[in-house]
Amino acid sequence: MPETAREWHVASLVVRHQREAIPALAAAVAGADGLELALQEEHCSVLLQESDGTRGLMASIDLLQALPGVITVNLVYHHVERPEPEECQG
């Protein structure tokens, strides 16, 4: 987890799309923070998302769903790492 983050989120997304959506999908992934293409086929892609909160994850899902030719975006896995609580001084 990055030292400055209060939480670290990692998620995987399955995107079902038309073949014509591949260029727009690639451009969206390239321009989005923490979004990475893991696997791509003609009508389905698997993406990984890392962020410091659920806002980044939801922003990526919204971005992908709005792309022309995207049929569905499904959250398949989501894990959250939280920092260890500081020990009491005393």
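Filter region 1-55 down to the residues that are closer than 27 Å to residue 81 by Cα and part of a loop (DSSP other than H, G, I, E, B) and list them by number. Lay out the reasoning, then the answer.
If we filter region 1-55 for residues that are closer than 27 Å to residue 81 by Cα, which is where we start, we get 1-15, 28-39, 45-55.
Answer for region 1-55, where residues must be closer than 27 Å to residue 81 by Cα and part of a loop (DSSP other than H, G, I, E, B): 1, 2, 3, 4, 5, 6, 7, 32, 33, 34, 52, 53.
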I'm checking my understanding of the structure. Among residues of region 41-61 that are modelled with pLDDT of 95 or more and in contact with a helix residue (DSSP H, G or I) (Cβ under 7 Å, 6 or more places away or on another chain), which one is farthest from residue 73 (Cα to Cα)? 42
Filter result (more than 16 Å from residue 16 (Cα to Cα), of a type in the set (A, V, I, L, M, F, W, C) and without any contact (Cβ under 8 Å) to a residue 24 or more places away in the chain) within region 60-90: 88
Of (1) surrounded by 14 or more Cβ atoms within 10 Å (Cβ to Cβ); (2) out of contact with any helix residue (DSSP H, G or I) (no Cβ under 6 Å at 6 or more places or on another chain); (3) more than 16 Å from residue 24 (Cβ to Cβ), residue 77 satisfies all except one. Which? (1)
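Going by the structure shown, is residue 30 out of contact with any helix residue (DSSP H, G or I) (no Cβ under 6 Å at 6 or more places or on another chain), among the small types (Gly, Ala, Ser) and crowded, with 16+ Cβ neighbours inside 10 Å?
The answer is no for residue 30.
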Please specify each residue of region 30-77 satisfying the condition of being acidic (Asp, Glu) and either closer than 10 Å to residue 14 by Cα or touching a Leu at 6+ places or on another chain (Cβ under 9 Å) (or both). 36, 50
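The values are calculated or read from the model by the stated rules, or taken from the named source; none is laboratory data. Note that the structure is predicted; figures quoted are calculated from it, not measured. For neighbour counting, all protein chains shown are included, and Cβ atoms are generated from backbone atoms with ideal geometry for every residue, glycine included.
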